[in-house]
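A.B. asks: Here you go, one structure.
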Amino acid sequence: MHGYSKTGIIGGGNLYDTKILKEAKEEMTLTPYGRVHYYLVGNQPLIIRHGIQRKVPPHRINHKANIFAMEKLAVRYIFSFNSVGSLKKVIKPGDFLIVDDYINFNPVTFYDDVIKHISPEISPELIDVLSKILKKLNLKFHQKGIYFQTSGPRLETKAEINLIKNFADIVGMTMASEATLAKEMDLEYASLCSVDNYANGISENTLLAEDIMKNQSKMTKNIEKIIKEIAEIKI
Ligand code: HPA
């Protein structure tokens, strides 16, 4: 058994083509939900949720396998990076935002055969850690915000955005599922979102998936720095 770190990372579209991944060792673990490929960054497991070849669309991500794998690898604190669209003009593409709550009306669960209801929560302790790291690196970020999860893979209609912008700050397709499953496994979880676009209809420009991907890679350098800091922390 490896001497795994208690911290683990789940990353998204911002992490492809990074030095960190090029230098990391690729590993695989089996879970009751399927196999999970991950990287070892030092002794810290890092899962790329869209798969190493970027072929897994958001609605097909095996969140249960990913979270189960983290628990199996002795991780207790999960730091997640999620790409999002902004629902507010003041939250601009290029900004970072630390999520403090979320809305998801299609939750996933490990509890299919037993009646159990967790109280969802993003880890206040890990929010604090993220906030300290971003300040140390002098990065601009929003201290808190509500994440609205849609199921994808299509982007939202303007009418949908018009509705949800009254109740949330950012929109994405992955984080709430991970946060819920992590809590069900009693793992601490927090997310740093990279704002890669204005959601459909928030700006006058037509929203194109290609533009979102271009912006995602602009955030990569800073995310690499943050991951290096996470590897150093002692919780
Ligand atoms: N909507 C949903 N998910 C996203 C977006 C968006 O605008 N941008 C990045 N992930």
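The values are calculated or read from the model by the stated rules, or taken from the named source; none is laboratory data. This one's a predicted model, so the numbers in the text were calculated from it and none came from an experiment. As a convention, Cβ positions derive from the backbone with ideal geometry for all residues, glycine included, and neighbour counts pool all protein chains shown. The area values use the complete protein model at the heavy-atom level, side chains included, leaving out ligands, DNA and RNA. Shrake-Rupley method; radii C 1.70, N 1.55, O 1.52, S 1.80 Å.
A.B. asks: Decide, for the range 7-232, between rounded, prolate and oblate: order the square roots of the alpha carbon gyration tensor eigenvalues as a ≥ b ≥ c, take rounded if a/c falls under 1.5, and otherwise choose prolate if a/b is larger than b/c, else oblate.
C.D. replies: Rounded.
A.B. asks: While we're on this one: Out of the range 54-121, which trypsin sites (Lys or Arg not before Pro) are coil in DSSP terms and have no more than 14 other C-beta atoms within 10 Å?
C.D. replies: Numbers: sites: R54, K55, R60, K64, K72, R76, K88, K89, K116; in loops: R54, K55, R76, K88, K89, K116.
Listed in order of number, the matching sites are R54, K55, K89, K116.
A.B. asks: Something else about it: Under the definition of Cα pairs under 8 Å and six or more residues apart, what whole-number percent is the relative contact order of the range 7-232?
C.D. replies: 29 percent.
A.B. asks: Here's something else I'd like to know. Could you give the dipole magnitude of the chain about its Cα centre, charging the beta-carbon of Lys and Arg +1 and that of Asp and Glu -1, in debye to the nearest 20?
C.D. replies: Using Cβ point charges on Lys, Arg, Asp and Glu, the chain gives about 580 debye.
A.B. asks: Now, a different point. With Cβ to Cβ distances under 13 Å as the rule, what net charge do the other residues near E125 carry (K, R +1; D, E -1)? Please list the in-between numbers first.
C.D. replies: Numbers: positive: K6, R76, K132, K234; negative: D100, E121, D128, E188.
Spelling it out: positives minus negatives among the neighbours equals 0.
A.B. asks: Something else about it: Would you mind telling me the antiparallel percentage of the DSSP bridges in the range 7-232, rounded to 5?
C.D. replies: Bridges in the range 7-232 that DSSP calls antiparallel: roughly 40 percent.
A.B. asks: Per residue of the range 194-211, in order, report the coupling 6.51 cos²θ - 1.76 cosθ + 1.60 (Karplus, θ = phi - 60°) as ³J(HN,Hα) in whole Hz, putting x for Gly and Pro.
C.D. replies: 9, 7, 9, 6, 7, 4, 3, x, 6, 10, 6, 6, 5, 7, 10, 4, 4, 5
A.B. asks: What number comes out for the charge environment of L15, summing +1 per Lys or Arg and -1 per Asp or Glu over other residues with Cβ under 12 Å away?
C.D. replies: Local charge sum for L15: +3.
A.B. asks: Measure off, as a whole percent, the carbon and sulfur share of the 1.4 Å-probe accessible area of the chain, all protein chains present.
C.D. replies: That fraction is 52 percent.
A.B. asks: Near the amide H of N62, under 5 Å away, which other amide H atoms are found, from residues 5 or more places off or on another chain, if H is placed in the peptide plane?
C.D. replies: none
A.B. asks: Considering amide H positions built from the backbone, and no H for Pro or chain starts, which residues 5 or more places from Y189, or on another chain, come under 5 Å of its amide H?
C.D. replies: Residues meeting the amide H criterion: I78, S123.
A.B. asks: Now for a separate question. Tell me what the chain gives for mean residue ellipticity at 222 nm when only DSSP H runs of n ≥ 4 count, each as -39,500 (n - 2.57), the sum divided by the residue total, rounded to 500 deg cm²/dmol.
C.D. replies: It comes out at -8500 deg cm²/dmol, rounded to the nearest 500.
A.B. asks: Considering only S86, S203, S119, give the residue with the highest GNM mean-square fluctuation for the chain, with springs between Cα atoms whenever their separation is below 10 Å.
C.D. replies: Looking only at S86, S203, S119, the largest GNM fluctuation is found for S119.
A.B. asks: Applying the Karplus parametrisation 6.51 cos²θ - 1.76 cosθ + 1.60 with θ = phi - 60° to the phi angles of the range 158-172, what ³J(HN,Hα) value in whole Hz is obtained for each residue in order, glycine and proline being reported as x?
C.D. replies: Couplings: 4, 5, 5, 5, 4, 6, 6, 5, 7, 10, 9, 10, 9, 10, x Hz.
A.B. asks: With a probe of 1.4 Å, find how much accessible area the range 7-232 has per residue, and write the answer as a whole number in Å².
C.D. replies: That works out to 49 Å² for each residue.
A.B. asks: Which net charge results when you count Lys and Arg as +1 and Asp and Glu as -1 among the other residues whose beta-carbon is under 13 Å from that of I61?
C.D. replies: Around I61, the charge tally is +4.
A.B. asks: Something else: Can you give the accessible area of T18 in Å² (nearest 10), computed on protein heavy atoms with a 1.4 Å probe?
C.D. replies: 0
A.B. asks: Hey, another quick one. Taking θ as phi - 60°, what are the ³J(HN,Hα) couplings along the range 50-57 by the Karplus curve (6.51, -1.76, 1.60), each to the nearest whole Hz, with x for Gly and Pro?
C.D. replies: Taking θ as phi minus 60°, the curve returns 8, x, 4, 9, 6, 10, 9, x Hz for the range 50-57.
A.B. asks: Highest first, please rank the peptides 178-186, 34-42 by the mean number of other Cβ atoms sitting within 10 Å of their residues.
C.D. replies: Order by mean packing, descending: 178-186, 34-42.
A.B. asks: Between the range 122-149 and the range 23-63, what's the alpha-carbon centroid distance in Å?
C.D. replies: So the two Cα centres are separated by 24 Å.
A.B. asks: Turning to a different aspect of this structure: Would you please classify the overall shape of the range 1-124 from the alpha carbon gyration tensor, given that a ≥ b ≥ c denote the square roots of the eigenvalues, rounded means a/c under 1.5, and beyond that prolate means a/b larger than b/c while oblate covers the rest?
C.D. replies: oblate
A.B. asks: Listed here are the pairs K55/K89; K72/K183; K89/K214; K144/K228; K89/K135; K89/K144; which of them are more than 26 Å apart at the Cα?
C.D. replies: K55/K89
A.B. asks: With a cut-off of at most 10 other beta carbons within 10 Å, and DSSP calling the residue loop, which GluC sites (Glu not before Pro) in the range 93-169 qualify? Please list them. List each step's numbers first, then the result.
C.D. replies: On the way: sites: E121, E125, E156, E160; in loops: E121, E156.
Within the range 93-169, no GluC sites (Glu not before Pro) qualify (loop, at most 10 other Cβ atoms within 10 Å).
A.B. asks: Taking loop as defined by DSSP and a crowding limit of 13 other beta carbons within 10 Å, which chymotrypsin sites (Phe, Trp or Tyr not before Pro) in the range 72-137 fit?
C.D. replies: F105, Y111
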